[in-house]
Each structure stands twice: as C-alpha cells, then as structure tokens.
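This report refers to the structure that appears directly beneath it.
The values are calculated or read from the model by the stated rules, or taken from the named source; none is laboratory data. No experiment lies behind these values; they were computed from the predicted model shown. Neighbour counts run over all protein chains shown; Cβ positions are idealised from the backbone, glycine included.
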C-alpha cells in the first residue's frame, strides 16, 4: 500500500465516523417522540410566559411590577426576569435554540419514520398462498365469485386495483399516509416563520402630535437583523388625531389620520386608523394604541398663535392630567397655569397661588393679569405601536397547510388482496384507522358481490 492509499484510507475512515455517530447515536435521539413532546411543552410554556409577562418594557417598568419583596411565586423578581430574558422571550438565544432543536426533531422523525412508512405503503406484493390471508385480521373465503367481479366492485368503491392472473391487490386512501409528512412540513414552516420574525422583526412606540412627520426611532424590541425592515425612503405624517366621546364623557374611540410621504413630501398612501383597524404599508403595521395631549395653542392680546407643550402631571394614580404655564408679563414674573384632562376642549386656568380662576373652552378668551388670553386649541398626540414581522406570512402559510394536512391524516389507508383458486376466492384486507368502519365495508362488499353473482 502506498502512502497515498494510507492517506485516503484515513480520510475515508474519518468521514464515516461522524456519519456513523449521527445515524446510529444522534438521529435516534432526535427522532424520539418523548424528546419532541418535551420540546413542544417547553415552547408552549415559554410562549405563555411571553403572553402573560409584558414584553419589551423598560427596566423601571419591571422593577415596579415585579419587585423583589414580595417576589411573584416566591422567586420571579425583576432581576430574575431580566437575567433570563423573559422581557423578550421570543428573541432570546435559548428560545430560538429550542425552536431549532424541535425543528431538527421533526425533520429526523420525518426521515426515519414517516417517509419509510409512506414508502412501505407504496410497496406491495400479491398474496399467492391461502395461508397469507389467514394472517390478516380480516379475511374471508367465498365460492363461485370471479376475481374480475371483485375487481369491478372495488373500482366502483374508488379503490385503485392491480391484477395479475389470479391475484389482485387494491388500495385506497394513500393520502392518509402523506398527511403526517405534510403535518411535519407545515410545523417546520411555522417554526421557520417564527425564527424569521424573531430575527428580522421589530416593535416600536411613538407618541406624535397632530401635524408632525415622524420616523421610527423609539424601538423597544428588535431582532439582530431588523435594520433591513426599517423605512428607508418614506415617513409618516399625522394629519390629525381626535377622540370620539360618549354622552357621559367616556372615550368611545381614537382616530388618527395618517399619510405615508416620501422624501419630497409627496403622499403615497393615506388612511384613518383606529383601534382594531391599523395602517399597513411596506410590511410595517401602525396600530392605534394610546393618546396624549401634546400642547395648547394660545394667543396673548394680539400676539401670533403660540403652541406651548403640555406635560403629563403626576396625580398619584388618580387619572391623567396635562399642564403648562403661560407667562402674562414679559419679565416672566406672573403667569397662569393651564390644565387639561382630555381633548374635549375644556381648559382649567389657575393663578400663581394655585387658585382656580376660570374654566374656558377652545375658542374662548379670558381677561387675567391685565392681558387677554385666548385658548385656540388643545393639541392631541397619537400613541402608535409600530410592528414589522416578515415571518407572519410564512407562519400563516404554515398554519393553512397544517389544517389541510390534519384533515388528510384522518383519511384511512385501506388495502385489500384477492386470490382465485378454482371456484374459491380468498379475500383479505387491513387498514390503519377506522377499523370497525373498514370491517363493515368489507362485509358489505362481500354481500354485494355474492348477491350480484347470484342474480347473474
């Protein structure tokens, strides 16, 4: 043996070693049903936790809602939650690893069990001896019935029939063997869509005053490759935001009139959104999620219109109120405070001593501190939740295929053999499900061919 032969021999043995380990050791473990069940339960549990625990919030939010004393369930504090990554479950490396491992388990099961089962169902052979029929759970022997008659009867019952001499084989419902394979394929598609969404999607929140053009900046959760989904040549303008109120003063619905504009300010699309009716554009969805008061437009005597920002005040959990301060002297020595709690146009005015001076509505004026204060408009701001998830179409396609494949899996794969020996006809069959119904069908089949043979 030459040195070259020795080298190639070692390379060959090195290559077969990993393959042998994979086929003999690793593949059976991946294809184990118990492993798949454990992984599926883990995915379900962590998915539920991602639904129950608010995702993508600030550290202060979790500190306030998941304190160390008392800890939720005795152990779940904000430190544990952030350390494990339960604030962004679907993007953690361990959750994605579970998805990949579950997908590997499904793939291994498909190739080691489902595909061989399908191939076995497609392979068949004629029964040539009487004793072969006795091994079937369902078999019978009839006299004075021809094999041709049996063939015609089976074909009328939508069986695919093969005949060779005095032997016959028929089958129906091979799609039932294909169904489980497509079930696995559809689940793999769903997993792939989930991973794509986790890696490339993002969630953002913006609070935008009416009349402003904004880009997506306040991203609260994003995958490592989400940059590709960000708008490159367009932005969104909030033309107007308003709230419809019920007669008793409670909020009925939020509305935002939004326009998608390009770099030159040309409008590409325009829609009015509200809760449960988002704006979808270029793979990004804008949901109506919140609201606020951005500012108030005022005039002092004959001054131009001034839009003063209003800030949300701390009320100790007793409702939401926004306020601002308006100077009534040029040296800022005197002024009034303006408070508003909604967009119905009512503004409360307080003096420097904190005493309520008056209540005015939009379009009204008030003489105070030697000036005339006009309140023109309370400007609202829309709270938008912005989401991009390129994996959603893939997930929907997977679920659609899953529903079809589950129906396919319920189709019974039935097989019938026949053997003609003189005036005796041996008939036997088996099925993989609905065995009682199949037994009744075979009995009805025998009754049919015997009655038809008697008549003829």
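What the table below lists for this structure:
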item: Unmet criterion (only one of (1) at pLDDT 90 or above; (2) under 27 Å from the mean Cα position of the chain (by Cα)) for residue 161; result: (2)
item: Contacts under 9 angstrom Cβ, first residue in the range 285-304 being outside the structural domain of residue 259 (by TED's automatic domain parsing) and touching a residue at least 24 places away in the same chain (Cβ under 8 Å), partner assigned to a strand (DSSP E or B) and surrounded by 22 or more Cβ atoms within 10 Å (Cβ to Cβ), 6 or more apart; result: none
item: All positions within the range 420-441 that are outside any strand (DSSP E or B) and surrounded by fewer than 20 Cβ atoms within 10 Å (Cβ to Cβ); result: 422, 423, 432, 433, 434, 435, 436, 437, 439, 440, 441
item: Within the range 369-397, tally of residues that are out of contact with any helix residue (DSSP H, G or I) (no Cβ under 8 Å at 6 or more places or on another chain), at pLDDT 90 or above and more than 20 Å from residue 276 (Cβ to Cβ); result: 10
item: Residues of the range 221-252 satisfying the condition of being more than 20 Å from residue 266 (Cβ to Cβ), at pLDDT 85 or above and in contact with a strand residue (DSSP E or B) (Cβ under 7 Å, 6 or more places away or on another chain); result: 222, 223, 226, 229, 241, 242, 243, 244, 245, 246, 251, 252
item: Test: residue in the range 51-63 that is within 19 Å of the chain's Cα centre (by Cα), outside the structural domain of residue 418 (by TED's automatic domain parsing), free of Cβ contacts under 8 Å to residues at least 24 places away in the same chain and assigned to a helix (DSSP H, G or I); result: yes
item: Residue 88, sole failed condition from (1) within 30 Å of residue 54 (Cβ to Cβ); (2) in contact with a strand residue (DSSP E or B) (Cβ under 7 Å, 6 or more places away or on another chain); (3) at pLDDT 90 or above; result: (3)
item: Hey, residue 411 part of a helix (DSSP H, G or I) and either in contact (Cβ under 8 Å) with a residue 12 or more places away in the chain or within 25 Å of residue 130 (Cβ to Cβ) (or both) or not; result: no
